[in-house]
1. Can you check what the Kirkwood hydrodynamic radius comes to for the range A:190-248, Cα pairs only, in Å to one decimal?
2. Shielding by partners for A:21-28, please: the mean number of other protein chain Cβ atoms within 10 Å of each residue's Cβ.
3. State the Kirkwood hydrodynamic radius of the range B:88-193 in Å, one decimal place, computed from all pairs of distinct Cα atoms.
4. Let me know the mean shielding of B:86-94 by other chains, meaning the per-residue number of their Cβ atoms within 10 Å of its Cβ.
5. Over the whole of A:98-108, what's the average partner chain Cβ count within 10 Å per residue? Rounded to a whole number, please.
6. Report, in listed order, any pair from B:Lys3/B:Lys195; B:Lys13/B:Lys71; B:Lys44/B:Lys79 with a Cα-Cα distance greater than 23 Å.
7. Where does chain B land on Rg/Rh, using Cα atoms and the Kirkwood Rh?
8. Obtain the radius of gyration and the Kirkwood radius of the range A:298-440 from its C-alpha atoms and give Rg over Rh.
Amino acid sequence: MRPVVSNPYLRVHRSIAKHQGIVWMRLAPVVGAVAAVPLVSDSLFGFLPTPGQAVPVDQWGLGLATVASRLANLVAAAVILHSYADMVRGPDRAVLDVHPVRARALVAALAVFTLRARLYLPVSAGVLLVPVGIQGSWLAYAGALGLIFSAWLGGIGVGYLVNLGAVWSAYSESWARVLDALRGDNPRMQAALIYAPGVALAFVGISVELGAIGLGAGLGGWTFGFAWLAIPMCLGAVAWAFVGRLADGYYVKASLLLADVDGAWGATENEDTAGDVYLSALGVGRPQLLRTLRLGWRSLRVHATGGWVAGILVALGGWASADTAVFWGAGATVWVASVAALMPAHDPPWLDDALGVDGFSVWRARLVVAMAYSFGVLAPVCCVLSLRHGSFFIAAALMGLATVCALISSTVASKFKDTAAWAYAASALVLWAGFMGVIK
Amino acid sequence: MSKAAIEIVGLRKEYGRVVAVDGIDLSIPKGAFVGLVGHNGAGKTTTINMLTGQLSPTSGAVSVAGTDVVKDPGAARAKLGTVPEHPTLYEYLSAREMIEFVTELRGGGDVQWALNVAGLGSASDRLIREYSQGMRRKTALACALVSRPPVLVLDEALNGLDPASADRVVGVLAELRQDGATVLLSTHVLDTLEKVADRVVLMEHGKIVVDGDISVLAGVRQRLREVSAMPD
């Protein structure tokens, strides 16, 4: 007999999951990771001993620690973005906005949802790491996997805290000047939300680096180093300890903040610029493209603004190392291109049928938008790669990756509709792995 | 503490240069049934969103049953039963499951009574994703009514309902009012107000331009017709 769950939100999520049944498409990223393993092996695991060689783990442990820290950071970045999508902009908010909310219980249920629904991230990363166990050592594999799971848990705890903290800072008078200085053209209230993922990743990233140092040291013979793998997870636990109190004060207020942000964006459209959105000049005379640009900006804005933020951060981080720029630049490129795959979930499914819209024009418009949004990553990263490192070929290859990602993202959007994001996630993993292999 | 069920003082909402609600005052005593009318874009929904704690005002104060909505929107929600203009429900729950869930959130209520009000019959065990717009609205109404909250705020809540269902809901609202509930109903169907409301508030361009007892309804109807006929 199943235990009685006292949290009503957990129970309702369980009922929803039961009615939805098993969504097999959600396994797509893991399948994608399996397909990506042979592509990514050479580029990620060049340090591993070749079959038949007996090289002690302490001679390649540092190489593994570097790869594990990169994968752990990618997983953390993804789950931090998911924590924003699940808690701040999640579907529960619209349903519950008119009812009394037990904020702590709700946020706990949302965190459980994030844990369950985003489990594909560490599992996919674990699949990518399998060559470490086969060619190297299963102990080393377990250590790297431990770091990734630790980062995943840390990302959820810190992500939830920082996203709620962002709402608090948006309402705080003492933060007003800081946010005004940072916000650019965005409404002040939104500035806090825009920078929240970066702040969360900075904290988790530091803890992941410490964990990676521990992994390297542990594989080098200092057994206590393995304990360091728990640092990101412990950081997440500490962060989670503060989530309840912030949830009480700011989960509900986040709805007010979002309404104000969306209203402020709406008000920027005066009579002269009505309908103007990011890159809307591309849509002049192309109604389908204009509609898609508007959908992208109004429903998936984080891909446009986040693309530039990610691109600039990658460029700064990649100033000293082309490897860093390529690894993260490719990751950011495949993420931004996911905008096309996410569009069907934000479009009324009956509209195109009712209007008799040509499917090819929708596909083409999504392709153009995905490519245009990718420019935010490509411009700064390709500048650094070509001007700073002289890697013109790699910069061109990154542009090629963006094009292929946009093509696939737009194609799966047409083919799979609501579940396109999962199909794209699988494809993106293979594309990213293949790209890393080619660049190697 | 104010004895009014709904107290709005100098309520204003600006979006940049756009003034959606322009410093309105409104006091609704306990047990009143007030119709809120006006053309699309008059500011009704913005007012209701501020009243129900879904939108923060630029300035002014709003309280529900003595609770300051701006300071404590969470506490105000417990005293409110709200049907928003576009109700959102869990698509993968049945109406019965949805109403049971809301009943638990609200600390009690009569699920079967709410299902009867909604009049979904055997459909109450089907998933909401299979419902028509009217059935969804009935479910949202049942969620708002199930715990018999002291204040009901209904934004176009009767839209999309078949005439029999609309009559049944109006009857239930009248009963709740007899029991002391306060109802604020935003609607374009003035005939409904004629049956149950004792006061009518007309909004235009973010301002209250008429606020009187039900006898002003004929004038309000005429005014709405005149404004409709005006070019934009």
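1. Averaging 1/r across every pair of different Cα atoms and inverting gives 12.8 Å.
2. On the way: counts 1, 0, 0, 0, 0, 0, 0, 0.
That average works out to 0.
3. Averaging 1/r across every pair of different Cα atoms and inverting gives 13.8 Å.
4. Details: counts 1, 3, 8, 2, 9, 5, 9, 5, 2.
For this peptide, the per-residue mean of nearby foreign Cβ atoms is 5.
5. 5
6. Pairs exceeding 23 Å: B:Lys3/B:Lys195.
7. Values: Rg = 17.3 Å, Rh = 18.0 Å.
When Rh is taken as the Kirkwood radius, the ratio is 0.96.
8. Values: Rg = 15.5 Å, Rh = 15.2 Å.
Reported Rg/Rh (Cα atoms, Kirkwood Rh): 1.02.
The values are calculated or read from the model by the stated rules, or taken from the named source; none is laboratory data. Keep in mind that this is a model prediction, so the values were computed, not measured. Here the Cβ is made from the backbone with ideal geometry for all residues, glycine too, and neighbour counts use every protein chain on show. These area figures cover heavy atoms from the full protein model, side chains too; ligands, DNA and RNA do not enter into them. Shrake-Rupley method; radii C 1.70, N 1.55, O 1.52, S 1.80 Å.
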